[in-house]
Amino acid sequence: MDLPAVKIKKILYATDLSKGARSAFAYAVSLANTYNASITILHVIYEDHNIDSVASFYIGEEEWLKIKKRTYDDARDVLIGKKRDDIAIEEILQKFTEKAKFDGQAQNFVTDEIIVKHGTPEEHILDQAKERDCDIIVMGNHAHGALEEAVLGSTVHRVMRRSKIPVFVVPLPKIDPDEKGI
């Protein structure tokens, strides 16, 4: 049986900057080292004004605002202290990748670019993968509560349904709340 050769030269690592995201990053780095590929890191700050009205209708504006606030506060507090600007996130990701190169055994991956976007995550993930001619997307998957899953759906599932390239999904571990994120 002749199998097609697998060639991975460009990896898009999509991160939500959660504490468990390091687990998915480890797989991205391993693939990069195995295939001598480069990694583009993407973080999307979720913004969807259409979901605001739908979510408010189904669960009430107050409950929706609590969910949104918790998401933004977690990312801000864990990763960037009280700063909210994209430059701070890019700097954190840059430092994280530099540290990963020195902490691991022979982690010689190349980081092509660190990208921070605002909008709908799956749209930016798919757009960036296509624009940068990536061969694979690596991302983690959280287990969300039923309410959040019903309202928000799953970014991973939407990316997997629409992607023209393979999507490598890493189940993210449950993390101690006192542990730092990436």
Practice task
Give the peptides 162-172, 114-124 in descending order of average Cβ contacts within 10 Å, highest first.
Solution key: 114-124, 162-172
Fill in the blank from the handout: Once both label points are put 7 Å beyond Cα along the C-beta direction, the residue 35-residue 161 separation in nm becomes 2.5 nm
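Report the gain in length on full extension from residue 142 to residue 26: 0.36 nm times residue separation, minus Cα-Cα distance, nm rounded to one decimal. It would help to have the intermediate numbers written out before the result.
Details: separation 116, 0.36 × 116 = 41.76 nm, distance 1.60 nm.
Extra length from residue 142 to residue 26 when fully extended: 40.2 nm.
Since every read-out is calculated from the coordinates, none of them should be taken as a lab result. Quick caveat: nothing in here was measured; it's all calculated off a predicted structure. Note: ideal-geometry Cβ built from the backbone for every residue, glycine included; neighbour counts use all protein chains shown.
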